[in-house]
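Novice: Sharing a structure below in structure tokens format, with a few things to ask.
Only the coordinates and a few stated rules stand behind these numbers; no lab work does. No experiment lies behind these values; they were computed from the predicted model shown. Cβ placement follows ideal geometry from the backbone for every residue including glycine, while neighbour counts extend to all protein chains displayed.
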Amino acid sequence: MDKARLVGLIILLTFFLYVTSYFLPVEDYYILVFADIFFFLIAFLASFLCFSNYLKFGKSLEGKCWMLLGIGLFLWGVGELFWAWYELVEKIYPFPSIGDIYYTLGYLSMILATLYYFSYIQIPLKTRKIYLVALVSLAYGLASFFFVLYPIIISDLSLVEKTFLLIYPFLDVYLIFCGLLLVEAFRGGALSRVWLIISLAFLFTGFADTIFSYLDWNGLYELGSPYDYVDFLWIAGYLLFVYAPIYERIALRRLVEKVKSKRKSLIFSF
């Protein structure tokens, strides 16, 4: 079996095992402990893999982008660690908290990664494709605004809680837009597939953030509630962030082998 598919199947199996854990006949507290620990471990794993790609590619454009993504995921991992601490040790609801500062900084690092890529790639994009990506992102943004964000804006929540509930969906819209543009820029190649995976990770995270904003505003986000299943979207996003750097390594190795094979065939043809 192709290595990329094998890793993809392992990622998919991990996701289904995580989902299954929510339905095991055990106390909610043990599910909570497992979920909180799994969240920060998977975030740190994704960060580690991104940094490993940075070490492989060095200070090239590709390497620096992986470094910025790795920093972003590391900061998200720290945010998840604070969430687990407040929930499991302090026994208090973890939102808003100091962890949200790390989540926000993580977003900024990822935004820098996409901006950095755009500033250096020399691939022209057709205006029609830019409009199409912008339209998709705008549709998502408007739906989020009218159904989730605007009700939060006019609510009586504290300024700090409002700020974080609003900032995540806005940042997600930007990341989805940039990710989809990069998919179009590299359409058909291995890089396109890598950025498609990353864009899907942004998309799952964006959906989760928007739904969480709505649930928290209504006081519905709690363990044991069906609404808690929004966690599955975040986990899907993290697992895709794990898959993306692995996929690029496999694709690069495959490309190198193909080039070597062509060189050998040319040599033997002479």
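Novice: Anything in segment 1-39 that is within 19 Å of the chain's Cα centre (by Cα) and not hydrophobic (A, V, I, L, M, F, W, C)? List them, or say none.
Specialist: G8, T14, Y18, D36
Novice: If I filter segment 27-49 for residues that are outside any helix (DSSP H, G or I), out of contact with any Gly (no Cβ under 6 Å at 6 or more places or on another chain) and not β-branched (V, I, T), do I get at least one hit?
Specialist: yes
Novice: Filter segment 109-131 down to residues that are without any contact (Cβ under 8 Å) to a residue 12 or more places away in the chain and assigned to a helix (DSSP H, G or I) and give me whichever is nearest to the chain's Cα centre (by Cα).
Specialist: S119
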